[in-house]
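One structure is given below, encoded as structure tokens.
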Amino acid sequence: MKHFSHRAMTAVLAVSLIGTAVTMAGAALSRDPAPAPKQDTAAPVVPAAAAPAGLVLSPQQRDAAGIVIGTVERKSLSGGMSFPGEVQPNRYRSSLVSSRIPAVIQNRHAVLGQTVRQGQPLATLFSVEVADAQAGYVLAEREWRRVQDLGRDIVAGKRWIEAEVGRQQARARLLTYGLSSAQIEALARDGHNRTPGIFTLTAPQAGIVTSDSFRIGEMVEAGKPLFEVADTATVWIEARVDADLAGTLVPGASASIRLASGRTKAVVKQILPSLDERTRTLGVRLEAENPTRALNPGQFVQVDLEPGESSAGLVVPTDAVIRNANGGWVVFVEDKDGGLAPVPVRVVQTANGQSQVEGLTTGSRIVTSGAFFLQSELDKNVTGSAQ
């Protein structure tokens, strides 16, 4: 009985030791070996953030995660940059048309998509304030004509000045309300206010009506846009590009826009200075000639930046470069012991699935596929440690 108990105890101890070994091996496969237990309470403690933690995976684990290792090469990028964009009206060659005072829409004279000429009527409106201003102008015009008929020899200088100034003020008030000089002159010729309160909004430029968001009978507030008239002979293409890549673009760079019917040329006009903190991108504005109206506002297109001179640098597959939890770019580098650790890099430019980066050395072995899995594992380890 004692002999049996001794054998049982030996088996239990062996199983326990094997279990401990398996646990320790699993930990070694998931991350770098943990530091040795602290032997002396007075020994210094190295902060966990002193160096980025790496991962150690077995060949089987690498295959399961789709990990592929490649080598960093020094070369020049071939081809240009490509990114999506949206066609927008050229805001520098378009105008908004609105009432400058509260008014009621009486009628419309133009519709969405219509080509209009400068000065063409767009909509008729009614306003009590305009009616008062029109009446004031008619009276001021009559007084001015009366003093002119009498002549300066008869009319006192004060009355002459008051009549002239009164007419100018009444005219300026109508201009402020949005009436054109032609409309005011017609009112002066009639000699009376034939249609009190009625005024017409006209096109400030030639172009196409790209917006007409109102209905007849609607009461509109001052300043509400009723029409947008745009010269679509040229259009903008607005795009969002990674901030690091946008830094490689320069105004004047040539590009082409891919369409179902073919391609059209474009030019980089502006790199917008405002950074989108959520996507870490900058706006890029291109301009394209549009004589056949193949590009329409709201249309999504693909922009291909034509390749320029590119100096040699460290080039890696774009899939190898990912963002870490802090939003920075990293590449996973394999060390001599097989550990895979993230190394911060700066992306210089990207083209045709390859990225030129800074922060690595030629010949370094990096993860070219499966980097996202590794970053996810690191994030889980950091979260688990925090808990």
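Here, each number is a calculation from the coordinates, and none is a lab measurement. Not measured: the values here are computed from a predicted model. Please note: Cβ atoms are built from the backbone with ideal geometry, for glycine as well, and neighbour counts cover all protein chains shown.
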Worksheet item: Please identify the GluC sites (Glu not before Pro) of the stretch 214-312 that satisfy two criteria: DSSP loop assignment and at most 13 other Cβ atoms within 10 Å. Which are they?
Response: E218, E221, E277, E309
Worksheet entry | Sites Q148 and Q120 - FRET efficiency at Förster radius 25 Å, r taken between beta-carbons, to 0.05 | 0.15
Response to the item:
If the chain between K75 and A243 were fully extended at 0.36 nm per residue, the gain over the current Cα-Cα distance would be 58.2 nm
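Between T362 and A233, what's the calculated FRET efficiency when r is the beta-carbon distance and R0 is 30 Å? Round to 0.05. Don't skip to the end; give the middle numbers.
Working: r = 50 Å, r/R0 = 1.66.
Using R0 = 30 Å, I get an efficiency of 0.05.
Taking other Cβ within 10 Å of each residue's Cβ, how do W236, W144 sort, fewest first?
Working: W236 23, W144 20.
Listing W236, W144 from fewest to most nearby Cβ atoms yields W144, W236.
By count of other Cβ within 10 Å, fewest leading, how are Y137, Y177 ordered?
Numbers: Y137 23, Y177 18.
By the 10 Å Cβ count, ascending: Y177, Y137.
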Discussion item. Once you place label points 7 Å from the Cα toward the Cβ at S82 and M219, how far apart are they in nm?
Written reply: 5.5 nm
Practice prompt. Pull out the extension gain between S274 and A186, defined as 0.36 nm times the separation in residues minus the alpha carbon to alpha carbon distance; nm, one decimal.
Written response: 26.9 nm
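Taking Cα pairs under 8 Å and at least six residues apart, what relative contact order does the stretch 98-230 come out at, in percent?
Over the stretch 98-230, the number comes to 47 percent.
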Worksheet entry | Distance (nanometres) between label positions extended 7 Å along Cα→Cβ at V165 and K380 | 8.4 nm
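Express in nm, to one decimal, how much length is gained between N326 and K158 on full extension, taking 0.36 nm for each residue of separation and deducting their alpha carbon distance.
Numbers: separation 168, 0.36 × 168 = 60.48 nm, distance 7.61 nm.
Residue separation times 0.36 nm, minus the Cα-Cα distance, leaves 52.9 nm.
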